[in-house]
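The values are calculated or read from the model by the stated rules, or taken from the named source; none is laboratory data. Here the structure is a predicted model, which means the values were calculated and not measured. Reconstructed Cβ throughout: ideal geometry from the backbone, glycine too, with neighbour counts over all protein chains shown.
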Amino acid sequence: MRSFPLSEPVANDGAASRTALAEAVLAAVRAVLSGSGESNVALHEPQFGGREWDYVKECLDTGWVSSAGKFVDRFEAMLAEYTGARHAIATANGTAALHVCLLLAGVRPRDEVLIPSLTFIATANAVTYAGGVPHLVDCESRTLGIDASKLDAYLRDIAVVRDGVCINRATGATLRALMPMHTFGLPVDMDAMLELCGRWGIVLVEDAAESLGSYYQGRHTGTFGRLGGLSFNGNKIVTTGGGGAILTDDPVLAARAKHLTTTARVAHRWSFVHDEVGFNYRLPNLNAALGCAQLEQLPGFVARKRALHARYVKAMQVVRGASVACETPGSASNYWLVTLLLDRPDELSRDAVLQSLNAAGFMARPAWTLMHQLPMYAACPRMELCGAESLARRIVNLPSSPKLLDHDGR
Ligand SMILES: *Cc1c(COP(=O)(O)O)cnc(C)c1O
């Protein structure tokens, strides 16, 4: 905890202190990024410094650009090896991966799925696509993810376990699944999530879209739940242009995931027989080729992001009123997006910081609008969300591209 000398106006929320904070943050960001030589620094840019051209060209030369080809298999094998999941199934994007994860977790129409209110819209949309109802959960400031003890207390209040299944006593609906999200690459407290899900009869599914390269107690995020979803969108740590993947250790679920994401076509040399309503969610070979080249560089990306994070931490130590969010003991973050946390949940201070950074050419952005503050999810069942509301007023994401360290030859 930072201590405030008595001579200073501790509760001063005035314009002067906001300007001082914004200037101090800007000076610290300048100190970290000054050597990058760029006048406009993006929040997160992809980097293609490996064999991307070779692999993509191979697709074009051989004509294997679309729904079949060796890069899809190779990409899935590389993902399974890197994450330690028994099976990885590539998909068209991360939202599609989460959608199918939820269907395979048994989410049926009207079932409720517990998700954090502080998340990207895809988490909630995937629940809706599966026919479920997002049930919004509060977040804690240590991990920026689901607050397990608050959720447990809340479930004691509203839920009951009947025949091994968790029922919301107010709505009568089944609380089928819990889908924590590893915010900006910071691993959620998975021990608590597993324990809670076991005790309440809730299926654990992870939204690991932002946390490829993040570990909790030595185990890769996205491999704790029955299923987990990854994203390879253009802004993620590794990109396929657009893409995603489903992780699971269960061979039956893996086979179901492959089947459902490939239009549920029954394998046959020429006839087109589909045995259920599947989805055209497969990842094209062209995108998988890009992904293979990117995955080869992932350890390097993670190392550089962690080094960049360490520099931000150091530079922000002299800033009063804000600090950089860090991984909790026992976890290792990919630091996908470095997050500045203001000490106080003051929207005006946050906006002053955003304003000064963006005006100076450093792209910074606030957290997403919370799910319960969006029109289509405002009426969802939810607990008290003061933790998430406070965090939304404190979060500023800083430029985090791995290439920002290149100027030092690292
Ligand atoms: C990126 C992301 C997804 C998936 O997004 P796609 O663009 O569909 O790949 C899902 N959840 C979170 C939290 C994300 O950040």
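For the condition among the aliphatic types (A, V, I, L, M) and surrounded by fewer than 19 Cβ atoms within 10 Å (Cβ to Cβ), Ala288 does not qualify. Scanning the range 42-61 turns up at least one residue that is within 16 Å of the ligand (Cβ to nearest atom) and acidic (Asp, Glu). In the set (1) within 12 Å of the ligand (Cβ to nearest atom); (2) under 21 Å from Asn334 (Cα atoms), the condition left unmet by Ala88 is number (1). Tell me, yes or no, whether the range 177-190 has at least one residue that is surrounded by fewer than 24 Cβ atoms within 10 Å (Cβ to Cβ), closer than 16 Å to Trp336 by Cβ and away from the ligand (no atom under 16 Å from the Cβ). For the range 177-190, residues surrounded by fewer than 24 Cβ atoms within 10 Å (Cβ to Cβ), closer than 16 Å to Trp336 by Cβ and away from the ligand (no atom under 16 Å from the Cβ): absent.
Annotation: of all residues in the range 300-341 being without any contact (Cβ under 8 Å) to a residue 12 or more places away in the chain and assigned to a helix (DSSP H, G or I), the one that is surrounded by the fewest Cβ atoms within 10 Å (Cβ to Cβ) is Lys314.
For the range 112-146, filtered to residues that are assigned to a helix (DSSP H, G or I), within 9 Å of the ligand (Cβ to nearest atom) and of a type in the set (Val, Ile, Thr), the residue that is farthest from the chain's Cα centre (by Cα) is Ile121.
Looking only at the range 26-49, decide whether some residue is touching a residue at least 24 places away in the same chain (Cβ under 8 Å), in contact with an Asp or Glu (Cβ under 6 Å, 6 or more places away or on another chain) and not hydroxyl-bearing (Ser, Thr, Tyr). The answer is no, given that none of the residues of the range 26-49 is touching a residue at least 24 places away in the same chain (Cβ under 8 Å), in contact with an Asp or Glu (Cβ under 6 Å, 6 or more places away or on another chain) and not hydroxyl-bearing (Ser, Thr, Tyr). When each of Ser149, Ser66 is tested for being exposed (fewer than 14 other Cβ atoms within 10 Å of the Cβ) and assigned to a helix (DSSP H, G or I), the lone residue that passes is Ser149.
When the range 147-172 is filtered for residues that are within 27 Å of the chain's Cα centre (by Cα) and either modelled with pLDDT under 95 or among the basic types (Lys, Arg) (or both), only Lys150 remains.
For the range 222-240, filtered to residues that are within 11 Å of the ligand (Cβ to nearest atom) and assigned to a loop (DSSP other than H, G, I, E, B), the residue that is nearest to the chain's Cα centre (by Cα) is Lys236. Within the range 36-49, is even one residue farther than 30 Å from Leu286 by Cβ and not in a loop (DSSP other than H, G, I, E, B)? Scanning the range 36-49 turns up at least one residue that is farther than 30 Å from Leu286 by Cβ and not in a loop (DSSP other than H, G, I, E, B). Got at least one residue in the range 90-111 being assigned to a strand (DSSP E or B), out of contact with any Leu (no Cβ under 7 Å at 6 or more places or on another chain), under 30 Å from Met371 (Cβ atoms) and among the aliphatic types (A, V, I, L, M)? No, because not a single residue in the range 90-111 is assigned to a strand (DSSP E or B), out of contact with any Leu (no Cβ under 7 Å at 6 or more places or on another chain), under 30 Å from Met371 (Cβ atoms) and among the aliphatic types (A, V, I, L, M). In the range 200-213 there is at least one residue matching the filter, namely being at pLDDT 95 or above, within 18 Å of Ser401 (Cα to Cα) and of a type in the set (D, E, K, R). Looking at the range 362-369, is at least one residue in a helix (DSSP H, G or I) and more than 18 Å from the chain's Cα centre (by Cα)? Within the range 362-369, not a single residue is in a helix (DSSP H, G or I) and more than 18 Å from the chain's Cα centre (by Cα). Within the range 124-161, being touching a Leu at 6+ places or on another chain (Cβ under 7 Å) and of a type in the set (Ser, Thr, Tyr) holds for Ser141, Thr143.
The requirement of being in contact (Cβ under 8 Å) with a residue 12 or more places away in the chain and touching a Pro at 6+ places or on another chain (Cβ under 7 Å) is not satisfied by Thr183.
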